[in-house]
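Each value in this text was obtained by applying a stated rule to the coordinates, not by laboratory testing. Everything numeric in this text was worked out from a predicted model, so none of it was measured. We place every Cβ from the backbone using ideal geometry, glycine too, and count neighbours over all the protein chains shown.
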Amino acid sequence: MHENLFEPLTMGAIETRNRIHMAPLTRARADIPSLVPNEMMVTYYRQRASAGLIISEATGISVEGAGWPAAPGIWSREQVEGWKAVTRAVHEEGGQIVLQLWHMGRLVHPDFLGGEAPVSASATTAPGHAHTYEGRKDYEPARALSVEEIARVVEDYRKAAQNAKEAGFDGVQLHGANGYLVDQFLRDGTNHRDDEYGGPPENRVRFLREVLTALVDVWGPERVGLRLSPNGETQGCDDSDPAATFGAAAEVAQALGIAFLELRQPGPEGTFGSTEVPQQDALIRRIYKGPLILNSDYTPEEAARDVASGRCDAVSFGRPFISNPDLPARIARGAELAPNVNVPHSWYGRGPEGYIDYPALEEASIDA
């Protein structure tokens with residue numbers, strides 16, 4: 001029934017053994033305050049190495065861009081060494097893993113910045129509350145990056161990509177979704193600039209193009225991916241014409257020839273965010289000719305259907321991979337998927353509970 005999910009897929013220089021990919025999942029288990037990956041994270045990723053491709057949790061490229069408690073970074077020597085243990089474990093199990101590069105922009109609370117204001121495309125303030133080490137706090141106003149500072153941020157991405165290569169990853173994915181910095185530049189709801197980075201979509205994709213170009217310079221296009229969330233508001237980030245904006249973004253991806261494009265597209269009945277804004281994958285599929293990965297609320301049956309129809313080439317599963325470390329094996333056998341329990345507390349907890357204590361199928365059968 002799901003045979004097509006177990007066909008190999010070529011994504012640039014990355015050859016996946018199946019089309020059941022692991023979506024990026026923030027889990028907040030890195031050491032504090034160093035934000036270095038630890039042995040618990042090594043175990044977590046090793047357990048899930050049967051995914052066709054693991055897209056790592058979002059990983060901060062710099063102190064300026066990191067604003068989630070205990071989320072890992074990739075700017076320090078110690079962080080690189082910590083990630084080496086993770087990539088080694090995944091490769092020992094025959095898996096592949098790319099690092100998702102993350103700058104949170106205006107969603108970084110000043111508590112993470114020594115009291116300084118966060119940065120964004122424009123001087124705006126995100127709605128809602130930030131998660132800090134002292135609990136939830138209101139977001140505070142961001143300041144607009146100058147043109148000179150934008151060039152510096154692009155270099156931060158380049159250095160992070162170089163560090164990811166040294167850490168042994170199989171490639172990198174640019175986090176351009178979910179209302180973070182790249183998304184703040186893309187969408188006209190958060191980008192109010194009147195220079196070469198603002199205005200029409202062709203200008204608003206400039207930052208995206210410059211960052212992707214820097215990543216391609218380090219890795220080559222065949223090991224660089226991109227994640228976008230092209231429909232609906234996310235963390236206060238929205239756009240008046242998603243087709244024009246994300247069509248322009250897809251043109252950038254196509255022109256640079258990157259290895260893959262992942263789209264997070266909730267629907268009107270999404271279980272973790274919902275929207276009535278139409279999904280944009282059909283439009284993007286016509287523009288970007290490389291492998292397309294879709295994400296958000298997929299069942300195995302829906303994934304097999306969309307791969308069979310050609311709507312996408314693979315599906316990235318998020319929450320199912322939390323409680324089913326051997327998700328591909330379960331899908332292959334038609335086994336019932338274990339539900340997430342004790343959520344969302346366990347998503348962002350500090351210990352092993354709800355993180356590395358979910359058994360594989362064989363272990364669960366023995367326990368039963």
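Here are some notes:
- Counting only residues at least eight positions apart within a chain, or on another chain, the lysines with an alpha carbon under 18 Å from that of K159 are K84.
- Cross-link partners of K289 among aspartates and glutamates (Cα-Cα below 20 Å; sequence separation of 8 or more within a chain): E7, E15, E202, E222, E251, E262, D281, D306, D313
- For the chain, the mean residue ellipticity at 222 nm estimated from helices alone is -9500 deg cm²/dmol, where every DSSP H run of n ≥ 4 contributes -39500 (n - 2.57) and the total is divided by all residues, rounded to the nearest 500.
- Stretching the chain fully between E166 and A335 yields a gain of 57.0 nm (0.36 nm per residue, less the alpha carbon separation).
- Annotation: for a label point projected 7 angstrom from Cα along Cα→Cβ of S146, residues of the range 187-205 with backbone N closer than 20 Å are 192-198.
- Full-stretch length increase - L113, E302 - with 0.36 nm per residue and alpha-carbon distance subtracted: 63.8 nm
- Rounded to the nearest 20, the size of the Cβ-charge dipole of the chain about its Cα centre is 380 debye, with Lys and Arg at +1 and Asp and Glu at -1.
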